Amino acid sequence: MPRLPLLAACILGFFPAAALAQSAPRYLPLGRADAALYTPDAGPAAHVGVLVIHRTADYLRHPACTELSRRGFMVLCMNTRFTNNEMLVRFEELALDVKAGVQFLRAQPGITKVLLFGHSGGGPTTSFYEAVAENGTAFCKAPGKLVKCTDELAGLPPADGIIFADAHPGNPVNVLRGLNPSVIDETNPPSPRVNVALDPFNRKNGFDPSGGSHYPADFQKRYYAAQSKRMNALIDDSLARLERMKRNDYAYPDDDIVVIPRGGNPGAGPGASAALFNYDTEIPQIFATARPEKLLRNDASIVSQVVTSVYRPEPRLAELHRTFDAGTKILSIRSFLSANAVRSTNSLDGIDDCSSNNSTICAVRSIRVPELFVAMGAHYFVRDTEHEYDAATAGDKDMIVIEGATHGFTPCTRCETTPGQYSNSEKNFFDYVGSWIAKRY
């Protein structure tokens, strides 16, 4: 395989060890959001500020807070107004929290550039913000949006670049792919009856409770289409209920609960979804790049190759999927439509990305600032990251995969064939990010 020089290799040597690490973050409120400000303990004053934020996850102690401040950057780690409360999320309002963070960093002495760091659900959050900041509210009011933004998002100050760290394509896509389409009756979740022809946990359909499942292509095709059918029905029902509210023909004038049995609940433990890729790791449209991409090896070298994730199947999730805590989503109509719903014809590659504002792929089509797309090589967003990179229209964009890294950047020890095979995944990731920033800003 051809070996490529590590970008800004000389800069990697610039980032010393823990001498610059942040030891005393400053906690502060930012409107309805909360934040922790990390700055280097020593060395030159930072001139680049990095904002780290999610949708609902607590990011005040995210690894990027210390790792990027250790490398000489000012880092603002934020919790949004909806932290740990998916049921209340109004996705479009998150842009106001990002705005507060961007404005705060811009106001700090010495800061000349502000970057957004979108890890996981932070990807759609930061990319949505930047798309609106660069294009105005016309972006989030476009025809076909399930939920449109308000003029409250007018005049957002743009950032200077975005780092996408294993950013998923959008929470609605995750929800769509996690739906169990074998559910027969949405109103009777305890019912053991399912459509056996679509049951992902039926051995006859390819499920293996002891290890890696293998779902035949025909089953996958029917399954992906049925997931979309279920999601579209949930959307139609929710929109119809909102219309009844407008006519004063409903029990409540404002909102109501949405319960999705066998929908997977990431807030409870591992989040036991019915996504086929949790059980079958041989689905190339999920786990492998479509063409050679840069792979950052454990020894810090870079090679160009078709990259396949080393993610391991999780058959234990099948039992959890049947439980209330780990297998049932509880949302409101408005949080469902705003942050968890997307139109599609099939859940694999028939997604109408721009039907939701919560979509990394839709947003990057309208962003012009430099973008870095990084996939973790032991997770299931490898092909999604490549799709995001391909959709991006920025003149300056880069993509790389970190060998053996979990979704949280740490080494996937259960994926290793030899001890320590992926031991440098987290360091390599942050070194590469640091080099990418230093080269441009």
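The values are calculated or read from the model by the stated rules, or taken from the named source; none is laboratory data. Just so we're clear, the structure is a prediction, and the values are computed from it rather than from any experiment. No Cβ is skipped: glycine too gets one built from the backbone with ideal geometry, and neighbour counts run over all protein chains shown. Ligands, DNA and RNA are stripped out before the accessible areas are found, and what is left, the full protein with its side chains, is counted by its heavy atoms. Shrake-Rupley method; radii C 1.70, N 1.55, O 1.52, S 1.80 Å.
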Inspect region 106-116 for any residue being closer than 21 Å to residue 36 by Cα, open to solvent by 60 Å² or more (accessible area, probe 1.4 Å) and either part of a helix (DSSP H, G or I) or polar (S, T, N, Q) (or both) and give the result as yes or no.
-> yes
Quick count over region 364-406, residues being under 21 Å from residue 440 (Cβ atoms), touching a strand residue (DSSP E or B) at 6+ places or on another chain (Cβ under 7 Å), in a loop (DSSP other than H, G, I, E, B) and small (Gly, Ala, Ser), is 2
Conditions (1) more than 23 Å from residue 172 (Cβ to Cβ); (2) modelled with pLDDT of 95 or more; (3) open to solvent by 40 Å² or more (accessible area, probe 1.4 Å) -> residue 303 fails only (3)
*Would a scan of region 206-222 turn up a residue that is under 30 Å from residue 116 (Cα atoms) and without any contact (Cβ under 8 Å) to a residue 24 or more places away in the chain?*
no
| said: Would you confirm, using the coordinates I've provided, whether residue 283 is open to solvent by 30 Å² or more (accessible area, probe 1.4 Å), β-branched (Val, Ile, Thr), within 26 Å of residue 184 (Cβ to Cβ) and in contact (Cβ under 8 Å) with a residue 24 or more places away in the chain? | reply: no
Filter region 318-331 for residues that are in contact with a helix residue (DSSP H, G or I) (Cβ under 7 Å, 6 or more places away or on another chain) and open to solvent by 10 Å² or more (accessible area, probe 1.4 Å); the one that is modelled with the highest pLDDT is 330
Those residues of region 354-373 that are of a type outside the set (Asp, Glu), open to solvent by less than 10 Å² (accessible area, probe 1.4 Å) and within 11 Å of residue 162 (Cβ to Cβ) come to a total of 6
Going through (1) open to solvent by 30 Å² or more (accessible area, probe 1.4 Å); (2) part of a loop (DSSP other than H, G, I, E, B); (3) of a type in the set (A, V, I, L, M, F, W, C) one by one, residue 87 fails only at (2)
Residues of region 157-167 being out of contact with any His (no Cβ under 6 Å at 6 or more places or on another chain) and open to solvent by less than 10 Å² (accessible area, probe 1.4 Å), in sequence order, are 159, 161, 162, 163, 164, 167
- Could you tell me whether any residue of region 65-80 is open to solvent by 20 Å² or more (accessible area, probe 1.4 Å), over 15 Å from residue 40 (Cα atoms) and at pLDDT 95 or above? no
